[in-house]
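What follows is a single structure, written as structure tokens, with notes after it.
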Amino acid sequence: MQSACCRLFFLGLLALATATAPDSEKAGTCPVSVPEDVDQKDCKQLCDKDSICPEKTKCCMVGCSRQCVAPVPEKAGECPKPLTWVAQPCTEKSECADDLECGDDSKCCFNGCAKKCIPPYKANPGRCPAPKACLVQIPKLNKCLDDFPCRDGQKCCNVGCHLECVEPLPEEATP
């Protein structure tokens, strides 16, 4: 009786885990403009997650509907991380909505204020020096979050109490 109860309990847990497993999001981004063949007055919820859409289509808001549509392909590379602390009001206007609106290999990235076409982020070579001990009660604001804002080959590194662009150490040789 006890083993049957345990088996039933574990089957229930397995069913619950399967039912609540996170859905993986498919590659690409949802189109910003509404395709011409979509009736914007006919609001339907034809999907609620990417996993129920066939093949490579994604579940996207299209007009007032949610439906499976072909995604806008994303260009290779990553956007740099925007610094989230902006001391003044944002006055910039976005110049793009997705990667296809950017020339060359540039990506449409949010800079903390607006979306701009910028080259994809690439980490600078080298490694960070060991951070110093942080001896202050209130840490300073980070001056970078990745190598993108660093100039002349510098790297964004933990210097003790915050992140800052510094001269990197040479890469360690691998045996």
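The values are calculated or read from the model by the stated rules, or taken from the named source; none is laboratory data. Only a predicted model underlies this, so the values are computations on that prediction, with no experimental measurement involved. Heads up, the Cβs are rebuilt from the backbone with ideal geometry, glycines too, and the neighbour counts pull from every protein chain shown. Calculation scope for accessible area: heavy atoms of the full protein, side chains included, ligands and nucleic acids excluded. Shrake-Rupley method; radii C 1.70, N 1.55, O 1.52, S 1.80 Å.
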Handout entry: Spans of strands (runs of 3 or more DSSP E) in the stretch 59-140 with at least 1 residues under 22 Å from GLY153 (Cβ atoms) and open to solvent by less than 60 Å² (accessible area, probe 1.4 Å)
Key = 107-110, 115-118
Handout entry: Subset of the stretch 28-42 [open to solvent by less than 80 Å² (accessible area, probe 1.4 Å) and either in contact with a Cys (Cβ under 9 Å, 6 or more places away or on another chain) or modelled with pLDDT of 85 or more (or both)]
Key = THR29, CYS30, PRO31, ASP42
Exercise for the section: Kindly provide the set of residues from the stretch 160-173 that are open to solvent by less than 40 Å² (accessible area, probe 1.4 Å), touching a residue at least 24 places away in the same chain (Cβ under 8 Å) and over 18 Å from LYS122 (Cα atoms), ordered by number. Expected result: GLY160, CYS161
Exercise for the section: Quickly run through the stretch 142-159 and pick out the residues that are open to solvent by less than 30 Å² (accessible area, probe 1.4 Å) and either touching an Asp or Glu at 6+ places or on another chain (Cβ under 8 Å) or among the hydrophobic types (A, V, I, L, M, F, W, C) (or both). Expected result: CYS144, CYS150, LYS155, CYS156, CYS157
